[in-house]
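Below you'll find the structure, written out as structure tokens, and then a few comments.
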Amino acid sequence: MNFAEQLPVLPIITPLVMAPVTLLLPKGRAPWAWATLASWLTFAACVFLLREVSASSAGFISYHLGDWAPPLGIEYRVDLANALVLLLVSGIASLVFPFAYRSVQLEIDERQSSLFYGALLICMTGLLGVTITGDAFNVFVFLEISSLSTYALIAMGARRDRRALTASFNYLVMGTIGATFFVIGIGLLYQATGTLNMADLHDKLAGNHSRVVDAGFAFIVVGMGLKLAMFPMHLWLPNAYTYAPSAVSAFIAATATKVAVYVLIRFLYSIFGFDFSFMGSAFTFVLLPLGLAGMFVASFVAVFQDDVKRMLAYSSVAQIGYMLLGLSFATVEGLTASLVHVFNHALMKGALFMAVACVVLRAGSHSVEAFAGLARRMPFTTWAFILSGLSLIGVPLTVGFISKWYLLQAAFAAGHWYAGFLIVASSLIALLYVGRIVEVMVLREPAEEGKYAIPARDAPLSMLIPMWIMVAANIYFGVNTELTGEIARRAAEALMMVAGGAP
Amino acid sequence: MERLILRVTTKLLFAPIILFALYVQFHGDYGPGGGFQAGVIFAVAFILHAFCYGLDETKKAVPQKALTVAMVIGLLFYVGTGVATMLLGANLLGYDSIDPDSTHHAGQHYGILLVEWGVGMCVASTMMTIFYHFTGREPDINQEDW
Amino acid sequence: MEWFDFVLERYNYWIVIILMMTGLYIVFARGNLVKKIVGLNLFQTSVFIYYLTIGKIAGGTAPIYVGGELDHGGGHGEEAPGHDAPGHDAPQGSDASLHETPEGASDHVNDLFGGEAGSDKIANDFASNDLKETLKDFQAQGAAAPTGGEASLHTPPEGVDGKIANDAFQNIKKPESIEFSIGDGHEAGANSLADAVHQASEVIYTNPLPHVLILTAIVVGVATTAVGLALAVRIREAYGTIEEDELEVIDNVAEFGEEARARAEGAAS
């Protein structure tokens with residue numbers, strides 16, 4: 001076996017082989033340790049893959065499954081854009097898995113814990129598969145692998161709050177409609193071109209203007225819009241994130257919607273490209289206004305939430321608005337900003353949801369009251385929350401600032417100066433909702449009695465260390481933008497070149 | 001004896017259904033058939049058994065624990081074949097590496113049969129697990145309340 | 001009435017659209033969670049039909065490999081319901097040859113294959129092929145029909161493995177009517193087998209890819225249904241109902257107290 005040659009498939013096959021084994025392991029620590037090992041191995045493979053891709057002269061690595069040559073066979077095609085997302089997903093996973101142990105011990109029935117870790121590994125496999133594949137239908141298959149395990153994982157929150165069940169059910173209905181729309185779209189594209197390979201689709205769609213392709217485009221955008229919680233189609237998201245087990249919230253909030261955004265970028269830029277007739281109008285009339293609307297409406301709703309997880313969930317919808325905004329500028333700068341924000345937002349939301357998980361472990365709740373006076377009782381958790389909260393607002397020296405800086409530059413460069421002002425304005429709303437929680441944490445007196453009276457003990461080290469690594473990443477990538485900014489720009493340039501320049 | 005006809009019919013049908021499942025299973029390489037269909041047919045035999053003899057009897061024959069193991073082994077069979085081809089020097093699921101000297105791609109047959117076997121095991125045990133869990137739930141409301 | 005034809009010709013698309021809209025309507029309009037799952041299933045089924053529509057090629061057979069290198073897979077008969085008897089498991093080659101036998105035989109064949117539209121189509125397909133040319137080829141190869149019909153079937157034209165062809169023949173000849181038909185027209189039968197095998201590489205298939213895709217999508221659909229129903233079961237255990245509006249009231253009561261129920265009832269009346 002040639003390690004370098006098989007590298008592109010390792011991020012998929014490693015968790016896929018290791019996930020079923022968790023079911024056979026004895027209860028207790030073993031499933032967790034095994035799953036953590038799997039996530040670390042996957043992360044290592046993704047790091048190697050990114051290095052390999054960024055060194056390769058062609059700009060991408062192609063891997064043929066079963067030695068069947070594309071466009072007939074399924075191809076894994078790794079370029080910088082998806083290598084970055086792969087690194088992100090596996091990186092978040094490699095932090096969430098060690099983090100999850102104590103949280104899962106509290107929130108999940110012990111008999112289900114091996115199923116839980118197995119499902120989480122399968123979910124990760126699905127997300128990585130969506131990212132890595134170069135075959136349009138394969139995207140659907142992996143998407144459903146990850147979605148189905150996500151539904152099950154969210155429903156496991158029912159042990160603490162039965163509303164997890166209805167949340168999961170709604171997500172299932174919406175997610176399935178989204179995925180089915182996506183399949184219809186792919187079917188229409190297949191009907192028009194006779195191919196499913198992304199690169200081949202791009203070639204065959206060039207100059208192919210028919211209503212079939214137009215309809216396919218619409219179905220794919222709507223289907224993916226449902227999956228990535230694009231503003232008016234986000235209704236499944238707040239409940240799903242709120243009632244899911246804390247570790248699951250941290251994982252899917254940081255990865256699932258980001259991967260869907262990546263798929264949208266991939267389809268818009270790598271498959272349809274700019275000579276596609278609807279492209280311009282899709283950007284100006286759909287993605288740009290919906291992105292802006294999401295930024296404001298969802299942020300505004302977030303301010304009034306009494307539940308911290310739900311507040312963060314609405315903030316996620318708002319942040320997705322930024323990503324859509326960036327990619328709708330249809331410039332290299334805009335796309336760079338979008339990719340950078342995909343990466344950075346995962347870091348900040350991961351850290352924030354981890355902090356909430358720590359609070360849930362000690363205080364047993366994620367409502368705002370449970371956060372009262374936390375600064376005195378759980379200082380490490382509080383500071384992690386504050387720092388990543390600042391990052392969410394976009395304070396300099398954090399990743400949030402970097403993404404907003406890129407986004408502002410892109411907005412002004414693309415001539416959307418009003419969008420620039422709106423970005424700043426919505427950041428102020430973020431200041432409002434994060435500030436509100438921070439105020440409660442730092443200034444409010446801790447409850448001495450009642451159900452939120454918590455022992456003066458911080459979260460265990462097994463949770464604090466992964467959380468602080470995540471916070472450190474928030475600051476490190478905020479100071480040193482070389483990795484994310486540089487890779488995202490090169491990835492954006494490559495995507496733009498395939499798409500055929502500005503319209 | 002209660003439901004005698006049903007029980008005798010089930011006894012008569014059980015073996016042919018399993019046989020048919022195996023037939024479909026091993027025709028998966030070049031014909032209609034394969035693991036998905038075979039797995040479902042295989043599970044149907046046991047579900048029929050559960051209908052006529054009661055779930056407890058079926059659970060005695062095929063306990064849930066065994067199904068979990070079969071599910072895992074089935075999936076491992078599948079990915080294991082893929083990993084084996086990788087170790088043999090081909091890409092994932094590059095079946096030709098199983099029998100590289102064959103002039104008419106015999107490796108493709110062996111490969112797909114192995115994979116289908118894994119799929120069949122996995123699907124059969126998953127279907128039965130789903131059935132066990134749906135029917136094994138205690139009904140907590142009266143029949144009239146439905 | 002051109003538009004009328006235009007509409008009628010695309011009847012399968014209309015079925016897809018109607019099913020799709022019905023499914024979506026059920027998902028959104030029904031409050032019962034199980035009915036929602038049913039709607040979702042209907043919606044997905046419409047997509048399956050749509051994919052099959054894409055794959056259809058007029059006059060094409062089911063995408064099941066029929067011939068060419070018979071030593072590869074053995075052969076498998078036309079897939080149709082009820083074809084599980086061993087006698088039906090014949091390579092397409094011999095299947096076609098039976099269709100070419102003189103009058104009378106084809107009746108038996110139709111009996112055997114249950115007279116499905118599918119097998120008729122194949123019969124037509126083969127009938128339309130240019131018999132003469134291939135016949136010439138066949139004779140030029142020096143493998144002209146030997147004496148017995150059965151023996152001729154053993155002669156492997158174009159690298160067909162005799163043994164498998166033989167096995168297949170053994171299978172097919174079990175029903176007596178077939179034995180008769182072959183015996184009756186042995187010369188023609190022999191020729192046309194070779195012909196059929198020769199032709200096999202030119203058989204028109206419907207596009208197999210959408211079938212494969214949709215098989216995958218069906219599996220995904222089954223999994224989704226299972227998860228959805230499992231959730232519905234759990235919801236009923238946790239709440240005692242699977243009606244969406246009742247669930248909402250129960251949640252609101254749990255969160256805001258009894259006034260939420262009063263408000264909900266006020267809104268209802």
How many residues does the range C:200-226 hold that are farther than 29 Å from B:His133 by Cβ and free of Cβ contacts under 8 Å to residues at least 40 places away in the same chain?
1
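I want to confirm something. Restricting to the range C:51-67 and keeping residues that are not in a loop (DSSP other than H, G, I, E, B) and not hydrophobic (A, V, I, L, M, F, W, C), which single residue is nearest to the chain's Cα centre (by Cα)? Lay out the reasoning, then the answer.
First, pick out the residues of the range C:51-67 that are not in a loop (DSSP other than H, G, I, E, B): C:51-55, C:61.
Next, from what is left, pick out any that are not hydrophobic (A, V, I, L, M, F, W, C): C:51, C:53, C:55, C:61.
Details: C:Tyr51: 13, C:Thr53: 12, C:Gly55: 11, C:Thr61: 10 Å.
For the range C:51-67, the residue satisfying everything is C:Thr61.
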Report whether or not A:Val222 is in contact (Cβ under 8 Å) with a residue 12 or more places away in the chain, within 9 Å of another protein chain (Cβ to nearest Cβ) and of a type outside the set (Gly, Ala, Ser).
no
Name the single residue, out of those in the range C:38-59 being within 18 Å of A:Phe137 (Cα to Cα) and not hydroxyl-bearing (Ser, Thr, Tyr), that is surrounded by the most Cβ atoms within 10 Å (Cβ to Cβ).
C:Gln44
Restricting attention to helices (runs of 4 or more DSSP H) lying wholly within the range A:372-487, give those where 1 or more residues are farther than 30 Å from A:Leu361 by Cα.
A:399-413, A:417-442, A:461-479
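From the list A:Ala330, A:Ala351, pick out the single residue that is outside any helix (DSSP H, G or I) and either closer than 30 Å to A:Glu493 by Cβ or among the aromatic types (Phe, Trp, Tyr) (or both). Step through it out loud before you land on a result.
On the way: A:Ala351 fails: outside any helix (DSSP H, G or I).
Only one candidate passes the filter, namely A:Ala330.
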Residue that is surrounded by the most Cβ atoms within 10 Å (Cβ to Cβ), among those in the range C:15-35 that are over 28 Å from the mean Cα position of the chain (by Cα) and at the interface with chain A (Cβ under 10 Å from one of its Cβ atoms):
C:Leu33
Identify, please: which residue in the range A:144-200 is part of a loop (DSSP other than H, G, I, E, B) and either in contact with a strand residue (DSSP E or B) (Cβ under 9 Å, 6 or more places away or on another chain) or not polar (S, T, N, Q) (or both) and is, among those, nearest to the other protein chains (Cβ to nearest Cβ)?
A:Arg162
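Could you please let me know if A:Leu16 is within 14 Å of chain B (Cβ to nearest Cβ), over 30 Å from A:Ala472 (Cβ atoms) and buried (at least 24 other Cβ atoms within 10 Å of the Cβ)? So that I can check it myself, show each step before the final result.
Values: within 14 Å of chain B (Cβ to nearest Cβ): yes; over 30 Å from A:Ala472 (Cβ atoms): yes; buried (at least 24 other Cβ atoms within 10 Å of the Cβ): yes.
It is true that A:Leu16 is within 14 Å of chain B (Cβ to nearest Cβ), over 30 Å from A:Ala472 (Cβ atoms) and buried (at least 24 other Cβ atoms within 10 Å of the Cβ).
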Out of (1) within 12 Å of chain C (Cβ to nearest Cβ); (2) buried (at least 24 other Cβ atoms within 10 Å of the Cβ); (3) in contact with a Leu (Cβ under 9 Å, 6 or more places away or on another chain), the odd one out for A:Asn138 is which?
(2)
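In the range A:101-126, what residues are assigned to a helix (DSSP H, G or I) and in contact with a Lys or Arg (Cβ under 9 Å, 6 or more places away or on another chain)? Full working, then the answer.
So the first thing to find is which residues in the range A:101-126 are assigned to a helix (DSSP H, G or I), and the list is A:101-107, A:110-126.
Scanning the range A:101-126 gives A:Tyr101, A:Leu106, A:Glu107, A:Glu110, A:Arg111, A:Gln112, A:Ser113, A:Ser114.
For the range A:1-99, please list each of the helices (runs of 4 or more DSSP H) lying entirely inside it that holds at least 2 residues being without any contact (Cβ under 8 Å) to a residue 24 or more places away in the chain and under 30 Å from A:Ala351 (Cα atoms). First the steps, then the outcome.
On the way: elements: A:3-6, A:10-22, A:29-55.
The qualifying helices (runs of 4 or more DSSP H) are A:10-22, A:29-55.
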In the range C:227-251, how many are in contact (Cβ under 8 Å) with a residue 60 or more places away in the chain, more than 8 Å from every other protein chain (Cβ to nearest Cβ) and among the hydrophobic types (A, V, I, L, M, F, W, C)?
1
Reported set for the range A:272-298 where residues are in contact with a helix residue (DSSP H, G or I) (Cβ under 9 Å, 6 or more places away or on another chain), part of a helix (DSSP H, G or I), modelled with pLDDT under 90 and surrounded by fewer than 24 Cβ atoms within 10 Å (Cβ to Cβ) is A:Met279, A:Ala282, A:Phe283, A:Thr284, A:Val286
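Which helices (runs of 4 or more DSSP H) does the range B:1-115 wholly contain that include 2 or more residues that are within 13 Å of chain C (Cβ to nearest Cβ) and touching a helix residue (DSSP H, G or I) at 6+ places or on another chain (Cβ under 7 Å)? Explain how you work it out, then say what you get.
Values: elements: B:4-26, B:35-53, B:55-61, B:64-87.
Where helices (runs of 4 or more DSSP H) fall fully within the range B:1-115 and carry at least 2 residues being within 13 Å of chain C (Cβ to nearest Cβ) and touching a helix residue (DSSP H, G or I) at 6+ places or on another chain (Cβ under 7 Å), they are B:4-26, B:35-53.
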Would you check which residues across the range A:372-398 are within 20 Å of A:Ala419 (Cα to Cα) and surrounded by 24 or more Cβ atoms within 10 Å (Cβ to Cβ) and list them?
A:Leu392, A:Gly394
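The values are calculated or read from the model by the stated rules, or taken from the named source; none is laboratory data. Predicted model, so just to flag it, every value in this text is computed and none were measured. Cβ atoms come from the backbone with ideal geometry, glycine included; neighbour counts cover every protein chain shown.
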